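Asks: The structure follows.
The values are calculated or read from the model by the stated rules, or taken from the named source; none is laboratory data. Predicted model, so just to flag it, every value in this text is computed and none were measured. With ideal geometry, Cβ positions are generated from the backbone for all residues, glycine too; neighbour counts draw on all protein chains shown. Accessible surface areas use protein heavy atoms only, side chains included; no ligands, DNA or RNA. Shrake-Rupley method; radii C 1.70, N 1.55, O 1.52, S 1.80 Å.
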Amino acid sequence: MSEDRSIREIRLEKLQQLRDLGFDPYATEKFKIDHSVKHLLNEFDQLADLSESGKEDKPILSIAGRVVALREMGKAAFAHLSDGEDRIQLYIRKNDLDEWNENAWPAFKLVDIGDHLGVTGHLFTTKTGEKSLYVHTLTPLSKALHNLPLGKEKDGEQWYGLTDVDQRYRHRHLDLICNHEAREQLLNRSRIVSEVRRFFDNRGYLEVETPLLQLEAGGAAARPFLTHYNAYDIQVKLRISLELYLKRIICGDVPKVYEIGRVFRNEGVSNRHNPEFTLLEWYEAYANLEDMMECVEDLFRHVVTACVNVYGQVLTPGQRRMFNRSNRWMTIVSGLNPIEPRLPGADLYFMSQLGSDVIESTLSLLSTGNEIQFYSANLEYLSGEASILDQDERGGRLICLSTTRFRHSDGLLLTLEPGIYTFMSSVYGWASSNTSNDLATILDFTKPWHRVDLMTAIEERSGIKQSELTNLIDAKAAMKRVGLPTEKENNLGGIIEKLLEHFVEPHLQEPTFIVGYPIETSPLAKKDPNRPGFTRRFEGYVLGREVCNAFSEINDPIDQRERFEQQMGERDKGDDEAHPMDEQFIYALESGMPPTGGCGIGIDRLVMLLTGAEHLREILLFPMMRPELSHDNPED
């Protein structure tokens, strides 16, 4: 075999040999699958016949997937077959294949890691106890013409594999094949979106679609992408928001609408910003700002309860998990509130899960003197009926069948009422941090979010009095005093929001609504009748990041026209992100729109929050990448 031939050329030769043997992998149009691999493994005891009867008497099962490991041993071989979700070991013998088709074993010898196979056979366990499938027949279903960077895996640890981040983003299909955690993070995005859609459908909202190509791209302060509509010979813009068309539907007496759609803003790229992103917006007639707050709280509670992703797991209702964001341990809570206080002298939290698990009747209960061992603390069992369901170095689960008492190593007595508890060490053996008192942030979406006035928060965090932010000259002077640049600021609202961003946002770790935004930066929000110069608007924050933006919507067409005219004045001064005039929207308002509450949430940021992703590209299947000059082949 010449060393000059590429892997692709060698694989193409094998493909032709398979065809010559009558096993053309591309000739098969359909392959019947009885079970997923995960189902086979989970229901192994029910599906397998482990008696001494011959193979012809065993239940025959049919599965398909990609070969991800292969080990030949003379006239037999072991392989691992993955259907994407899980993998199972295959055992293949020459004699068994010869009984079925004399060309089957030679065809199998041409199979490489990365090829797709369909197999039939019966389940059995190897001498080492591994659940496996004894292959009776096999059908090649595709031929991988390139080496796949699958790497090596043992006991949950992986070596080599696809680690180049740039290649992971450029060739996402390889990432989905090779990196299980990345795969789950990406797929859980779809699960989260499905739960968002289910939430609004169950509340009687109508899902609608509005135009991507628009004559005036409004609803946000952003630069649009431009394109040409050949049929009409006009320049049009890709939408930057969903808002104005959705409110025109409200004007048509459809009282509750929502849309999940792509929007496009011709702006910068960062770990939290992408010019093309998915936006959720919903509007409800006869509702106000406070109704939108409650809706946001209910939405987050629903999505977190239904599908929080941590380490590639989708949680069932009531469960909680910790994940690491920049060496800071976080817990998302979807059931009852955590039991306080934190135990002294130990990085240990108890979190109640009452009613969220089925209590088994056969339990090995703790005896007096038993201890629960942690890295930094022991709990000595004193009395009651309790049992450890599972435990590892990160913590575990404890069930209390009656009121149960423990003594902490520092002498503190702890009493737990009946229920299921998750106990965890917030400093696992592999965590690193220099701030022992601030390792864990608990995000509890079961309780109402904090409600904080914008101007009050700025005064508390910056020391700038509200009276200094009533005119542009004083506001610039105050801004300069606290060390912020003022050259680009030409309106009071912009200065106020810059102060929010610099002084307040980093402290908004727990779910919080910041309420009361200036009129200059809120051209679509209803004026606050009790506060001149401000609007009925809030933004929601979690972990110092904005997650939603909501208004009591303007339904006064005269007021709306004046706001648009004010924005056009800002555009004349050089602000190319100021809102345009939209006569069609004004006309709809003049036909009458009821009082309406509306809110928008960036789906990408929501998914980042719930999956612990640090970079936006981690939760986009195909992020835009700068083109490479060379041939885009990861084998090169």
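Asks: Yes or no: F564 at pLDDT below 95 and open to solvent by less than 40 Å² (accessible area, probe 1.4 Å)? Steps first, answer last, please.
Replies: Values: at pLDDT below 95: yes; open to solvent by less than 40 Å² (accessible area, probe 1.4 Å): yes.
Yes; evaluated as a whole, the condition is true for this residue.
Asks: From the set of residues in segment 48-62 that are touching a helix residue (DSSP H, G or I) at 6+ places or on another chain (Cβ under 8 Å) and either at pLDDT 75 or above or among the hydrophobic types (A, V, I, L, M, F, W, C) (or both), which is surrounded by the fewest Cβ atoms within 10 Å (Cβ to Cβ)? Steps first, please.
Replies: Of all residues in segment 48-62, those touching a helix residue (DSSP H, G or I) at 6+ places or on another chain (Cβ under 8 Å) come to 49, 55, 59, 61.
Of the ones still in play, those that are also either at pLDDT 75 or above or among the hydrophobic types (A, V, I, L, M, F, W, C) (or both) are 49, 59, 61.
Details: D49: 13, P59: 11, L61: 18.
Taking the candidates together, the pick is P59.
Asks: Filter segment 541-587 down to the residues that are among the basic types (K, R) and either in contact (Cβ under 8 Å) with a residue 24 or more places away in the chain or closer than 30 Å to V296 by Cα (or both) and list them by number. Step through it out loud before you land on a result.
Replies: Let us first name the residues in segment 541-587 that are among the basic types (K, R), namely 545, 561, 563, 571, 573.
Hits for segment 541-587 are R545, R561, R563, K573.
Asks: Then there is this: What single numbered condition from (1) open to solvent by 40 Å² or more (accessible area, probe 1.4 Å); (2) within 23 Å of the chain's Cα centre (by Cα) fails to hold for I234?
Replies: Here I234 meets the rest and fails (2).
Asks: Within segment 124-138, can you find the residues that are over 38 Å from the mean Cα position of the chain (by Cα) and of a type in the set (K, R)?
Replies: Once the filter is applied, which keeps residues that are over 38 Å from the mean Cα position of the chain (by Cα) and of a type in the set (K, R), segment 124-138 yields only K127.
Asks: G84 versus (1) in a strand (DSSP E or B); (2) open to solvent by less than 40 Å² (accessible area, probe 1.4 Å): which is the lone unmet condition?
Replies: (1)
Asks: Another one. Looking at segment 476-497, which of the residues that are assigned to a helix (DSSP H, G or I) and within 15 Å of E577 (Cβ to Cβ) is least open to solvent (accessible area, probe 1.4 Å)? So that I can check it myself, show each step before the final result.
Replies: Our first condition is that a residue be assigned to a helix (DSSP H, G or I); within segment 476-497, this holds for 476-481, 492-497.
In the following step, the residues that additionally are within 15 Å of E577 (Cβ to Cβ) were identified as 493-494, 497.
Numbers: G493: 0, G494: 17, E497: 48 Å².
Among those residues, the one meeting the criterion is G493.
Asks: In segment 139-150, is there at least one residue being open to solvent by 40 Å² or more (accessible area, probe 1.4 Å), under 23 Å from Q16 (Cβ atoms) and in contact with a Phe, Trp or Tyr (Cβ under 9 Å, 6 or more places away or on another chain)?
Replies: yes
Asks: What's the number of the condition G65 fails, among (1) in contact with an Asp or Glu (Cβ under 6 Å, 6 or more places away or on another chain); (2) at pLDDT below 95; (3) surrounded by 15 or more Cβ atoms within 10 Å (Cβ to Cβ)?
Replies: Unmet condition: (2).
Asks: Please determine whether any residue of segment 624-636 is crowded, with 18+ Cβ neighbours inside 10 Å and either outside any loop (DSSP other than H, G, I, E, B) or in contact (Cβ under 8 Å) with a residue 12 or more places away in the chain (or both). Full working, then the answer.
Replies: Initially, segment 624-636 is screened for residues crowded, with 18+ Cβ neighbours inside 10 Å, giving none.
Within segment 624-636, not a single residue is crowded, with 18+ Cβ neighbours inside 10 Å and either outside any loop (DSSP other than H, G, I, E, B) or in contact (Cβ under 8 Å) with a residue 12 or more places away in the chain (or both).
Asks: For the list (1) buried (at least 20 other Cβ atoms within 10 Å of the Cβ); (2) not in a loop (DSSP other than H, G, I, E, B), I need the number of the one condition that P523 fails.
Replies: It is condition (2) that P523 fails.
Asks: What number of residues within segment 174-214 are over 24 Å from R239 (Cβ atoms), modelled with pLDDT of 90 or more and not in a helix (DSSP H, G or I)?
Replies: The qualifying residues number 2.
Asks: Here's another thing I want to ask about it. How many residues does segment 12-47 contain that are part of a loop (DSSP other than H, G, I, E, B), basic (K, R) and open to solvent by less than 80 Å² (accessible area, probe 1.4 Å)?
Replies: 0
Asks: Within segment 259-287, track down each residue that is surrounded by fewer than 20 Cβ atoms within 10 Å (Cβ to Cβ), modelled with pLDDT of 95 or more and assigned to a loop (DSSP other than H, G, I, E, B).
Replies: Y286
Asks: Which of the residues spanning segment 541-564 are over 12 Å from L289 (Cβ atoms) and small (G, A, S)?
Replies: Listed by number, the list holds a single entry, G544.
Asks: Look at G602 and say whether it is modelled with pLDDT of 90 or more and under 22 Å from G268 (Cα atoms).
Replies: Numbers: modelled with pLDDT of 90 or more: yes; under 22 Å from G268 (Cα atoms): yes.
Spelling it out, G602 is indeed modelled with pLDDT of 90 or more and under 22 Å from G268 (Cα atoms).
Asks: May I ask you to list the residues in segment 159-176 that are closer than 26 Å to A306 by Cα and of a type in the set (A, V, I, L, M)?
Replies: First, pick out the residues of segment 159-176 that are closer than 26 Å to A306 by Cα: 175-176.
Residue satisfying the conditions is L176 alone.
Asks: A further question follows. Filter segment 1-48 for residues that are in contact with a strand residue (DSSP E or B) (Cβ under 7 Å, 6 or more places away or on another chain) and of a type in the set (D, E) and give the result.
Replies: Scanning segment 1-48 gives a single hit, D34.
Asks: Next question, about the same structure. Return the only residue of H171, H116, H146 being in contact with a Ser or Thr (Cβ under 9 Å, 6 or more places away or on another chain) and modelled with pLDDT of 90 or more.
Replies: Matching residue, one of H171, H116, H146: H116.
Asks: Within segment 169-220, restricting attention to residues that are open to solvent by 30 Å² or more (accessible area, probe 1.4 Å) and among the basic types (K, R), which residue is farthest from G598 (Cα to Cα)?
Replies: R170
Asks: Residue check: is E99 open to solvent by 30 Å² or more (accessible area, probe 1.4 Å) and more than 37 Å from the chain's Cα centre (by Cα)? Can you show your working first?
Replies: Values: open to solvent by 30 Å² or more (accessible area, probe 1.4 Å): yes; more than 37 Å from the chain's Cα centre (by Cα): yes.
So E99 passes the test.
Asks: Within segment 215-258, count every residue that is closer than 18 Å to D575 by Cβ, touching a Pro at 6+ places or on another chain (Cβ under 8 Å) and in a loop (DSSP other than H, G, I, E, B).
Replies: Residues in segment 215-258 being closer than 18 Å to D575 by Cβ, touching a Pro at 6+ places or on another chain (Cβ under 8 Å) and in a loop (DSSP other than H, G, I, E, B): 4 in total.
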